[in-house]
Amino acid sequence: MAKLNILKEGDETLRKICRPVDKITLRTKILLDDMVETMRKADGVGLAAPQVGILRRIVVIEVEEGQVLELINPVIVEASGEVSGVEGCLSVPGRQGIVKRPSYVRVQALDRHGVMQTYEGTDLLARCFCHELDHLDGHLYIDKADKMIYPDADGEYYEDEE
Ligand code: ZN
C-alpha cells in the first residue's frame, strides 16, 4: 500500500465532477487500499478520490475505527432531518466550519466486489456521507458553511468575526 498526496483547496482538481467507475479492476482495488491508508495516516474519517487527484466516484469512510466503508459510484437515495455541526476536511487544513447537513441519509454504492450495498447513517456518519459525496461533484464544505472557525495557539477553535 502507498500513501497518496492529498490535494489542498485551490487545486482545480477538487472542483471537477468525477466520472463513474464503469469497471472495477485491480487498479480500483489498489486505489481503495491506498486511499484507506492515506486517510488513516492523515487522521481523517473520510477521503474522496478527487482529493488524491483521481476523478472517479470513489469514497472511503472510517467513522468507527476498524469499520471501513468503501463506496464506488455512491448515491444518496434518502435524506431527512437537518442538524448543524462542525466539519473539517483533509483538503482544507487548519480550519473547520459549521455546516447544516441531514441527520439521516441512506446511501447505495457498489463495494469492491461490484455488489450493490445500502448504508444508513445518522449524525456523524450521515455528515460524512454528505461531505464525501459532495467532493465527487466538486463541492467543498467551505462553500456551504454557515461559519468558519480557526484554531488558536492552544488548539481551541474560535469563530470567524466577519
Ligand atoms: Zn473533505
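Computed 3J(HN,Hα) for the range 74-80, one whole-Hz value per residue from the Karplus formula 6.51 cos²θ - 1.76 cosθ + 1.60 where θ = phi - 60°, is x, 9, 7, 9, 7, 8, 8, glycine and proline marked x. Working note: Karplus 6.51/-1.76/1.60 with θ = phi - 60° gives the range 37-46 the couplings 4, 5, 4, 5, 5, 8, 6, x, 10, x Hz, where Gly and Pro are set to x. Structure shown: which of Lys3/Lys29; Lys41/Lys100; Lys8/Lys147; Lys3/Lys23; Lys41/Lys147 lie over 18 Å apart, alpha-carbon to alpha-carbon? Among Lys3/Lys29; Lys41/Lys100; Lys8/Lys147; Lys3/Lys23; Lys41/Lys147, the Cα-Cα distance tops 18 Å for Lys41/Lys100; Lys8/Lys147; Lys3/Lys23; Lys41/Lys147. State the percentage of accessible surface on the range 12-159 attributable to carbon and sulfur atoms; use a 1.4 Å probe and exclude ligands, DNA and RNA. The C+S portion of the solvent-accessible surface of the range 12-159 is 48 percent. A DSSP coil position with no more than 13 other Cβ atoms inside 10 Å describes none of the chymotrypsin sites (Phe, Trp or Tyr not before Pro) in the range 48-148. In sequence order, the range 5-20 has phi-based couplings of 7, 8, 6, 10, 3, x, 6, 4, 4, 5, 9, 8, 8, 7, 8, x Hz under the Karplus curve 6.51 cos²θ - 1.76 cosθ + 1.60, θ = phi - 60°, and Gly or Pro positions carry x.
As a length-normalised measure over Cα pairs under 8 Å and 6 or more apart, the relative contact order of the chain settles at 23 percent. Once you order the gyration tensor axes a ≥ b ≥ c over the Cα atoms, which shape class does the range 1-81 get: rounded for a/c under 1.5, otherwise prolate or oblate by comparing a/b with b/c? Rounded, since a/c falls under 1.5.
Between Glu64 and Leu26, the modelled label-to-label distance comes to 3.4 nm, taking each label 7 Å out from Cα in the direction of the beta carbon. Annotation for Asp143 and Thr122: the two label points, set 7 Å from Cα along the Cα-Cβ direction, are 3.0 nm apart.
The stretch between Val86 and Arg40 holds 14.6 nm of extra length on full extension. This uses 0.36 nm per residue minus the Cα-Cα distance. The loop-placed GluC sites (Glu not before Pro) in the range 1-106, going by DSSP, that have at most 10 neighbouring Cβ atoms within 10 Å of their Cβ come out as Glu65, Glu82.
Kindly identify the chain as rounded, prolate or oblate by the Cα gyration tensor criterion: order the square roots of the eigenvalues as a ≥ b ≥ c, call it rounded if a/c is under 1.5, otherwise compare a/b with b/c, prolate if a/b is larger, else oblate. It comes out prolate by the Cα gyration axes. Based on protein heavy atoms only, the range 60-162 ends up with 52 Å² per residue of surface accessible to a 1.4 Å probe.
Extending 7 Å from the Cα toward the beta-carbon at both Val115 and Lys8 defines two label points whose distance is 4.1 nm.
The values are calculated or read from the model by the stated rules, or taken from the named source; none is laboratory data. In this text the structure is predicted, and so the values were computed from the model without any measurement. All Cβ positions, even for glycine, are placed from backbone atoms using ideal geometry, and neighbour counts span all protein chains on display. When the accessible area is computed, the model is the full protein with side chains, heavy atoms only, and any ligands, DNA or RNA have been set aside. Shrake-Rupley method; radii C 1.70, N 1.55, O 1.52, S 1.80 Å.
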